[in-house]
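Some notes on the structure that comes next.
Throughout, read-outs are computed from the coordinates displayed, never taken from laboratory work. Just so it is clear, the structure is predicted and the values come from calculations on it, not from any experiment. FYI the Cβ positions are ideal-geometry reconstructions off the backbone, even for glycines, and counts take in every protein chain you see.
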Amino acid sequence: MQRPFCAQRFTERLESVRKDSECVFGIMKKRFRILRLPFEYKNSADIDAVMYTCAALHNMLLKYDGRADLGMDDSEHWIKADIAKDDFRINRDRGRE
């Protein structure tokens, strides 16, 4: 039995976002030693502060290196691409009815 369109789309988006977040965390682990070692912090607020600091520094370094805009062309922006893909699927599925 085929899953409903909404459930299928949710699963695809969830998988896509999960892959992206794992990729970013891997990149940050390569850049910041503190993320490669076991955390000495047990308090969730301290762990959050470390993660936010690493993310902020990572973004600042991307901007400094001139790579902050990579992959952000208007034609390739993921939101526009998803809307176009959804519109295509909806129109295709309407034609089957």
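Could you put M60, M28 in order, starting from the residue whose Cβ has the fewest other Cβ atoms within 10 Å?
Values: M60 11, M28 17.
In increasing order of surrounding Cβ atoms, one gets M60, M28.
If neighbour count is taken as other Cβ atoms inside 10 Å, put L14, L62 in order from fewest to most.
On the way: L14 10, L62 14.
The most exposed by this proxy come first: L14, L62.
Compute the FRET efficiency between E12 and A45 as 1/(1 + (r/R0)^6), taking r as their Cβ-Cβ distance and R0 = 30 Å, and round to the nearest 0.05. Present the calculation step by step, with values, prior to reporting the outcome.
Values: r = 34 Å, r/R0 = 1.14.
Once the sixth-power term is evaluated, E becomes 0.30.
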